[in-house]
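Visitor: The structure's right below; bear with me while I get my questions together.
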Amino acid sequence: MTRVLILHGPNLNRLGKREPEVYGFETLDKINQRLQKIGDRLAFSVVTKQSNFEGELITAIHEAEGNFDYIICNPGAYTHTSYAIRDAIASVEVPVIEVHLSNIHAREEFRKQSVTAPVCIGQISGFGSYSYDLALQAIRELI
């Protein structure tokens, strides 16, 4: 069984309330429930984790090695600023797919640069919460 860790970064616990015109009305709990169902259909073991703390995300990435086959990561605003998360991704042998709900390349100038994408196997953005679904489908195709 393919083991997938899905990491949600800062402020994603506010989905459904936070800027719904950008991020939609769906809550993180609903997204996670859907991802679990998709994982079941694909015969994946899916574990989800959300943290507003950079160090917790880094620790989760480190601990994924040997415990997960893939990571799907939405680093949130850390996408643009966290060389520490970038280095954590680069330090593990677990392939990482970066996802974003909004199209970061069509937003404010500071959001267009991802410091984490260069050490990921791919990036999916702009499809709302379905960006996560697409990442699960990509893993299915990769295996």
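The values are calculated or read from the model by the stated rules, or taken from the named source; none is laboratory data. What you see is a predicted model, and the numbers here were worked out from it, not measured in a lab. Please note: Cβ atoms are built from the backbone with ideal geometry, for glycine as well, and neighbour counts cover all protein chains shown. Side chains included, ligands, DNA and RNA excluded: accessible areas come from the protein's heavy atoms. Shrake-Rupley method; radii C 1.70, N 1.55, O 1.52, S 1.80 Å.
Visitor: Using the structure shown, decide if residue 61 is within 13 Å of the chain's Cα centre (by Cα) and open to solvent by less than 20 Å² (accessible area, probe 1.4 Å). Steps first, answer last, please.
Guide: Values: within 13 Å of the chain's Cα centre (by Cα): yes; open to solvent by less than 20 Å² (accessible area, probe 1.4 Å): yes.
Spelling it out, residue 61 is indeed within 13 Å of the chain's Cα centre (by Cα) and open to solvent by less than 20 Å² (accessible area, probe 1.4 Å).
Visitor: Another one. Mind listing whichever residues of region 86-140 are among the small types (Gly, Ala, Ser), farther than 23 Å from residue 56 by Cα and exposed (fewer than 14 other Cβ atoms within 10 Å of the Cβ)?
Guide: Within region 86-140, 106 is the sole residue that qualifies.
Visitor: Quick one: residue 69 ticks every box in (1) under 18 Å from residue 95 (Cα atoms); (2) acidic (Asp, Glu); (3) open to solvent by 60 Å² or more (accessible area, probe 1.4 Å) except a single one, so which number is it?
Guide: Among (1) under 18 Å from residue 95 (Cα atoms); (2) acidic (Asp, Glu); (3) open to solvent by 60 Å² or more (accessible area, probe 1.4 Å), residue 69 violates only (3).
Visitor: Looking only at residues in region 7-52 that are of a type outside the set (Asp, Glu) and under 17 Å from residue 143 (Cα atoms), which one is most open to solvent (accessible area, probe 1.4 Å)? Outline the logic, then answer.
Guide: If we filter region 7-52 for residues that are of a type outside the set (Asp, Glu), which is where we start, we get 7-18, 20, 22-25, 27-28, 30-39, 41-52.
Within this subset, residues satisfying the condition of being under 17 Å from residue 143 (Cα atoms) are 38-39, 41-46.
Values: 38: 11, 39: 0, 41: 181, 42: 38, 43: 53, 44: 9, 45: 41, 46: 15 Å².
Only one residue tops the list, namely 41.
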